[in-house]
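Report on one structure; see the data block that follows.
The values are calculated or read from the model by the stated rules, or taken from the named source; none is laboratory data. All values derive from a computational prediction rather than experimental measurement. Every residue, glycine as well, gets a Cβ built from its backbone with ideal geometry; the counts of neighbours run over all protein chains shown.
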Amino acid sequence: MLSARDIAVAYNRGTVAEQRALDGVSLDVSRGELVVLVGVTGSGKSTLLRALAGLIEPDAGSVSVDGAPLPRPPARAVGVVFQNPERQLFGETVLEDVAFGPKMIGHPDPRAAAAAALRRVGMDPEEFGPRSPFTLSGGEARKVAIAGIIALEPAFLLLDEPTVGLDAGGRRAVVEVVGRERRDRGVVIVTHHPDPFLPLADRIMALRDGRIVFEGTVEDAVRAPAAYESAGLRLPDLLAVQAEAMARGARVERVATTPREVAAFLLGTRRCG
Ligand SMILES: Nc1ncnc2c1ncn2[C@@H]1O[C@H](COP(=O)(O)OP(=O)(O)OP(=O)(O)O)[C@@H](O)[C@H]1O
Ligand SMILES: [Mg+2]
């Protein structure tokens, strides 16, 4: 379990430019669990990922992995994929780029680890391995960057805006990768577009001004939209439709998380009503 307890982070502490980014945030993520982290811009999401990965030390509170405080240098158990990670690809070939991490941690066969990681993100290592990262499309480059972190086999995978800037196909590909990886890792996804992750989400957390203002299941968000919206956000459209229907008296047995399920619910409601 990856845990944060009452962590506080301020940038430029003790100066006139002091900026409080996190204020008493606690969070637990287990292996096999997927948490979607939302919040308006500047609410502290990326800061929280950095703290969870041990890249910044909180001013107060603690972060631990399986009960042990996060070591320095940062724990290998926690892997972070930053926003637009494809900008940081630097290997001469895709395979070398993905193999870099395993090599740095002394993996016995970095190239094999890289090939396996490429397969996990749905890329054929024979086809893509020898290519220069600079010849990849945006979506392919994003998957390669994610493979570079997966190749380290982190127990916890933190992704900052993994679908930003991708077309529908690229977003779907990333969601599929996340869906597979979450089976044996704990995953935290920061996103301004939670819709495609809703079917996978065990929990949603919403930050506002460095504090958690909502934490619950997708179901909770629909049944108590005001709490979610207190983060300054609107419910994702798929959920807003259902919250609206419920506000107008529709009975919802189970909250739907895909357009297909929502359509079935609407048709069913119409037939009954
Ligand atoms: N290196 C830094 N130095 C000073 N202030 C910072 C720094 N990084 C972040 N901040 C401030 O901390 C607050 C939280 O920033 P953070 O990047 O965590 O927000 P975010 O929720 O990830 O936003 P976004 O959705 O725009 O990525 C903001 O007010 C931001 O200006
Ligand atoms: Mg951010």
* Condition broken by residue 180, with the remaining ones in (1) at pLDDT below 95; (2) within 12 Å of the chain's Cα centre (by Cα); (3) not in a loop (DSSP other than H, G, I, E, B) satisfied -> (2)
* Asked: In the list 43, 26, which residue meets the criterion of being at pLDDT 95 or above, within 16 Å of ligand 2 (Cβ to nearest atom) and either small (Gly, Ala, Ser) or touching an Asp or Glu at 6+ places or on another chain (Cβ under 8 Å) (or both)?
  -> 43
* Neighbours by Cβ (under 6 Å, 6+ apart or cross-chain): first from region 150-169, within 16 Å of ligand 2 (Cβ to nearest atom); second charged (D, E, K, R) and modelled with pLDDT under 95 -> 163/171
* To do: Among residues belonging to region 187-217 that are farther than 14 Å from residue 48 by Cβ and of a type in the set (Gly, Ala, Ser), point out the one that is surrounded by the most Cβ atoms within 10 Å (Cβ to Cβ).
  => 201
* To do: Please specify each residue of region 129-185 satisfying the condition of being within 16 Å of ligand 1 (Cβ to nearest atom) and buried (at least 20 other Cβ atoms within 10 Å of the Cβ).
  => 158, 159, 160, 162, 163
* To do: Please specify each residue of region 56-115 satisfying the condition of being under 27 Å from residue 192 (Cβ atoms), part of a loop (DSSP other than H, G, I, E, B) and among the β-branched types (Val, Ile, Thr).
  => 56
* Does residue 49 qualify as being outside any helix (DSSP H, G or I), within 16 Å of ligand 2 (Cβ to nearest atom) and of a type outside the set (Val, Ile, Thr)? -> no
* Being within 16 Å of ligand 1 (Cβ to nearest atom), farther than 24 Å from residue 166 by Cβ and buried (at least 20 other Cβ atoms within 10 Å of the Cβ) narrows it down to one of 77, 51, so name that one. => 51
* Mind telling me which of the residues 63, 9 ends up being β-branched (Val, Ile, Thr) and within 10 Å of ligand 1 (Cβ to nearest atom)? => 9
* **Number of positions in region 85-115 that are among the small types (Gly, Ala, Ser), touching a helix residue (DSSP H, G or I) at 6+ places or on another chain (Cβ under 8 Å) and under 13 Å from residue 152 (Cα atoms)** => 5
* Asked: Within the set of pairs 6+ apart or on separate chains, which have a first residue in region 38-67 that is among the basic types (Lys, Arg), a second that is away from ligand 1 (no atom under 15 Å from the Cβ), and C-beta atoms under 7 Å apart?
  -> none
* Structure fact -> Reported set for region 163-175 where residues are hydrophobic (A, V, I, L, M, F, W, C) and assigned to a helix (DSSP H, G or I) is 168, 173, 174, 175
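Listed here are the residues, each with its yes/no results for (1) β-branched (Val, Ile, Thr); (2) within 26 Å of residue 33 (Cα to Cα).
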position: 98; (1), (2): yes, yes
position: 109; (1), (2): no, no
position: 114; (1), (2): no, yes
position: 123; (1), (2): no, yes
position: 127; (1), (2): no, no
position: 131; (1), (2): no, no
position: 139; (1), (2): no, yes
position: 152; (1), (2): no, yes
position: 164; (1), (2): yes, yes
* To do: Tell me the strands (runs of 3 or more DSSP E) entirely within region 1-43 that contain at least 2 residues that are farther than 20 Å from residue 191 by Cα and either touching a helix residue (DSSP H, G or I) at 6+ places or on another chain (Cβ under 9 Å) or not hydrophobic (A, V, I, L, M, F, W, C) (or both).
  => 2-11, 19-29
* Which helices (runs of 4 or more DSSP H) sit wholly inside region 193-273 and have at least 2 residues that are within 22 Å of residue 168 (Cβ to Cβ)? -> 237-247, 259-272
* Please specify each residue of region 116-162 satisfying the condition of being among the acidic types (Asp, Glu), in a helix (DSSP H, G or I) and at pLDDT 95 or above. => 126, 127
